[in-house]
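Below is one structure; the comments refer to it alone.
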Amino acid sequence: MTREAWWEKTPLSEMSSAQWEQLCDGCAICCLNKLEDEEDGTVYFTDIACELLDSATCRCRDYDHRHQRMADCVALAPERLAELYWLPPTCAYRLLAQGQPLPPWHPLRCGDPDRLHREGRSVAGRVVYPDQVDDEAWQNHIIDWPFD
């Protein structure tokens, strides 16, 4: 008999703050700047990170104040998931909202918070910052990793 994990049986809207935070795998893909095609709405991720992101740890340098410091930092909440179409396909919030399981490398499943970094599923060590890129060159920073 397989016992159902809390994230499989608890609806997103009923999760405690602690549970909600545990869903984040720490990949920091959502902290990358994105470009959206105005014609077809396609969202492209770049390797240009939010200036608050610590690229070595994939953590925000000022998590508690990120929304005050960064006007475009989006607060993730269960009631907003439908409008956050740009979340990466591997995002636990997106997966659970779509009724999908967490991937095997997710820290809640494997018990190892560093596995996704070792497997190249995070932005660790692979980003630049806005002040390092000319505005006209952002399209040259579109990435296709780590979305497999």
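Computed from the coordinates by the stated procedures, all read-outs in this text should not be read as laboratory data. Just so it is clear, the model here is predicted, and its values are computed rather than measured. All Cβ positions, even for glycine, are placed from backbone atoms using ideal geometry, and neighbour counts span all protein chains on display.
Points to keep in mind about this one:
- Residues whose amide H comes within less than 5 Å of that of residue 48, counting only those at least five positions distant or on another chain, are 33, 128 (H built at 1.01 Å from N in the peptide plane).
- The range 6-141 - percent relative contact order, Cα under 8 Å, separation 6 or more: 32
- Highest-fluctuation residue, 80, 115, 94 considered, GNM on the chain with Cα pairs under 10 Å: 80
- Computed over the chain, the per-residue total of -39500 (n - 2.57) for DSSP H runs of n ≥ 4 gives a 222 nm mean residue ellipticity of -3500 deg cm²/dmol, rounded to 500.
- Chymotrypsin sites (Phe, Trp or Tyr not before Pro) within the range 61-148: DSSP coil, no more than 11 neighbouring Cβ in 10 Å: 85, 147
- Placing one equal scatterer on every Cα of the range 6-141 and applying the Debye formula, the log10 ratio I(q)/I(0) at q = 0.12, 0.20 Å⁻¹ is -0.50, -1.39.
- Applied to the range 120-134, the Karplus parametrisation 6.51 cos²θ - 1.76 cosθ + 1.60 on θ = phi - 60° returns per-residue 3J(HN,Hα) values of x, 9, 10, 8, 3, x, 10, 10, 10, 10, x, 6, 9, 10, 5 Hz, with x for Gly and Pro.
- Using the Karplus relation 6.51 cos²θ - 1.76 cosθ + 1.60 with θ = phi - 60°, the per-residue 3J(HN,Hα) values for the range 17-25 come to 4, 5, 5, 4, 5, 5, 5, 5, 7 Hz, with x marking Gly and Pro.
- Note on the chain: dipole from Cβ charges, positive end direction compared against 76, 11, 46; the farthest Cα belongs to 11.
- When the Gaussian network model of the chain links Cα atoms closer than 10 Å, the mean-square fluctuations of 65, 106, 117 top out at 65.
- Residues whose amide H comes within less than 5 Å of that of residue 73, counting only those at least five positions distant or on another chain, are absent (H built at 1.01 Å from N in the peptide plane).
- Taking label points 7 Å from Cα along the Cα-to-Cβ direction, residue 16 and residue 34 give a separation of 3.1 nm.
- Amide N of the range 13-37 lying under 13 Å from the label point, which is placed 7 angstrom from the Cα of residue 100 along Cα→Cβ: none
- Within the range 1-138: Cβ-based charge dipole about Cα centre, in debye rounded to nearest 20 (Lys, Arg +1; Asp, Glu -1): 880
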